[in-house]
Amino acid sequence: MKKFLVGLLLAAASVLAARTVTLDYFFQQGCEECARVNALVLPMLAERFPGEYELRRHDISEEANYLKLVEYQERLNVTSDDAVCMIVDGRQYFGGFAVIDRDLPAAMERARQLPADSALPADVSPYRERLHRRAETFTVGAILTAGLLDGFNPCVFSTLIFFMSLLSLARIRGGRLLAVGGVYCLACFCTYVALGFGLFHVLKLFSGHQAMRLGIEIVLIALLLLFALLSFRDAWRFRRSGKSSSVTLQLPEKVKNRIHAVMRSGLKFRYLLPGAFTVGVLVTVLESVCTGQVYLPTLVLMSREFGAGSRWFGYLLLYNLMFILPLLLLFLAAWRGTSMPVFLNWSRKNVVAGKTALGCLFLLLAALMLL
């Protein structure tokens, strides 16, 4: 009887000593692993540890929650980028469904017997600087460079020169030329922003699927390395032959012919400016076959670095402003009286430099994606 009473007292003391465990749950909408945690792990916790833990849910699509996760990861020296994770008492990190399902119950048992650790404060503003440091691998300079080189892409430049030659044949000069150029550039900008906006949100749908996201990044890195090799080879071959047929990375002939047909049709519109806008929209869509080689990897990096907040849209606009800058400069030069032969000669002389710069940009984007 005495032993029974002692055991009962010890059990009661153990129950009294057990404390409420804090469990921070970080998840994303549309995440497959998150759905499995919701369906399997959370019911198990509720059954095994009723009333013994406090579950704090954090949707990391909200910036404040993402910042809190960043602070936890830096404090706990976590380098993995898991789609879902749980943190016990701010001390132990469990990332991914398999690890959570396997190791979390035992960690909960141990945590109930340990003293509570200090939690992060509700105000996460001091940790914004740390988030900015994490995004240093994708700087404003990289966005500016990618957008500008994309605008100087030989595909874009040669298409624009053809359009300007059509305007010259139609005797569109002076203020009319400047108006047409402004409307054309505005159409290119709006269309490219719309394409980027749509692609960015498609990429975000995959962000919760870690395996799929990793697969996309691996494929893009391989393509970027291939594009870099082909760009350097194009520069070398064009320097030797001087023939555009020696260039591999260029618009397919069928797409070129389609673009030329669109431009000729656009200039036959009853009203010139709506025709120029229509040409700009259609040509930008068709050119994306070529310009997407730079645009898509840049969007993937933006999705990874800035997807939790709203800053990405500002960077998207910045990229596209740099993209249309060469187009604007070309129209301004034509308005000031620069002739078509000058543009053609400049374009041919800078194929080697342009291809080399694009090859370096592809390598830079691949390196950034590896970080």
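Only the coordinates and a few stated rules stand behind these numbers; no lab work does. It should be emphasised that the depicted structure is a prediction, and the values quoted were computed from it without experimental measurement. FYI the Cβ positions are ideal-geometry reconstructions off the backbone, even for glycines, and counts take in every protein chain you see.
Values as computed for the structure displayed
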quantity: Segment MET212-ASP59, extension gain: residue separation times 0.36 nm, minus the distance between their alpha carbons; calculated: 53.1 nm
quantity: Interchain or long-range residues, amide H under 5 Å from PHE206's placed H; calculated: none
quantity: Estimated FRET transfer efficiency when R0 is 51 angstrom, pair TRP346-LEU40 (beta carbons, to 0.05); calculated: 0.20
quantity: Estimated dipole of the range 186-319 in Debye, rounded to 20 [Cβ of Lys and Arg +1, of Asp and Glu -1, Cα centre]; calculated: 480
quantity: Net lengthening on full extension, TRP335/ASN77 (0.36 nm per residue, minus Cα-Cα); calculated: 87.1 nm
quantity: Among the listed pairs LYS254/LYS355; LYS268/LYS355; LYS256/LYS349; LYS68/LYS204, those beyond 30 Å (Cα-Cα); calculated: LYS268/LYS355
quantity: Charge dipole magnitude, Cβ of K and R +1, D and E -1 - the range 138-370, Cα centre, debye nearest 20; calculated: 820
quantity: Length released on extending from ALA367 to VAL285, taking residue separation times 0.36 nm less the Cα-Cα span; calculated: 26.7 nm
quantity: Under-5 Å amide H pairs with ARG56, H placed in peptide plane, nonlocal only; calculated: LEU23, ASP24, TYR25
quantity: Within the range 255-274, backbone nitrogen closer than 15 Å to the virtual label 7 Å beyond the Cα of LEU186 toward Cβ; calculated: 272-274
